[in-house]
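The values are calculated or read from the model by the stated rules, or taken from the named source; none is laboratory data. Predicted, not measured: the structure shown is a model, and the values here were computed from it. Heads up, the Cβs are rebuilt from the backbone with ideal geometry, glycines too, and the neighbour counts pull from every protein chain shown.
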């Protein structure tokens, strides 16, 4: 695995929260509910690192990384990334359908739709504002950030929030799938490393904000009910 390819994967996989402790251990210790600020740390680091690769003169400069990868994978081409971006949502849906006791569909759907709206709004606003050219020869100026990667990490974060306490393996699968989506976007010469890192951060942050907003609304409704 080339150095830059490996670096890209490691940076993307930072989006996987370190909640993979033993399940029994988690049951013995009260779970700390992170604030929105705490949840924003990893997305902010991903976005900041992505922006840094645009301006740095190191070996992780987005143009140097792209040249290095394309020198080794010039003929690489796959459509898998277009499907992988939705895989975590499909896993979440399948898990819930298989759970006959699950009855929180309305709240879950509301959070997902809000996360999608925040993610898409952020991605396309930035795309239309920055107008960065894609790495492959074309007239397209919508490279930054990667919508596929944002979608994948948003979906993986939803999977984590919805069923993470019940299945650490599925959570790990969701984030790994999201990471590979970003890697494939670069290997397909569709995006630079900066695009996928910022996209990953936006995807995670969109989910965190969505769940925080809906939970706050829910708390306020409960508070008014008990007054």
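Residue-by-condition table, conditions (1) buried (at least 17 other Cβ atoms within 10 Å of the Cβ); (2) in contact (Cβ under 8 Å) with a residue 60 or more places away in the chain; (3) within 21 Å of residue 169 (Cβ to Cβ):
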| position | (1), (2), (3) |
| --- | --- |
| 67 | no, no, no |
| 84 | yes, yes, yes |
| 87 | yes, yes, yes |
| 92 | yes, yes, yes |
| 95 | no, yes, yes |
| 104 | no, no, no |
| 107 | no, yes, no |
| 110 | no, yes, no |
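If only one of 202, 214 is closer than 22 Å to residue 43 by Cα, crowded, with 24+ Cβ neighbours inside 10 Å and either touching a residue at least 24 places away in the same chain (Cβ under 8 Å) or under 13 Å from the mean Cα position of the chain (by Cα) (or both), which one is it?
On the way: 214 fails: crowded, with 24+ Cβ neighbours inside 10 Å.
Every option except 202 fails the conditions.
Okay, residues lined up against (1) assigned to a helix (DSSP H, G or I); (2) within 22 Å of residue 201 (Cα to Cα); (3) modelled with pLDDT of 95 or more; (4) touching a strand residue (DSSP E or B) at 6+ places or on another chain (Cβ under 9 Å):
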| site | (1), (2), (3), (4) |
| --- | --- |
| 47 | yes, yes, yes, no |
| 51 | yes, yes, yes, no |
| 59 | no, yes, no, no |
| 65 | yes, yes, no, no |
| 71 | yes, no, no, no |
| 74 | no, no, no, no |
| 77 | no, no, yes, no |
| 81 | yes, yes, yes, no |
| said: Six or more apart or on different chains, Cβ atoms under 8 Å: show the pairs whose first residue is in segment 124-152 and surrounded by fewer than 19 Cβ atoms within 10 Å (Cβ to Cβ) and whose second is at pLDDT below 95 and assigned to a loop (DSSP other than H, G, I, E, B). | reply: 133/140; 134/140
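Let's see how each residue does on (1) within 17 Å of the chain's Cα centre (by Cα); (2) in a helix (DSSP H, G or I):
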site: 96; (1), (2): no, yes
site: 100; (1), (2): no, no
site: 107; (1), (2): no, yes
site: 123; (1), (2): yes, yes
site: 149; (1), (2): yes, yes
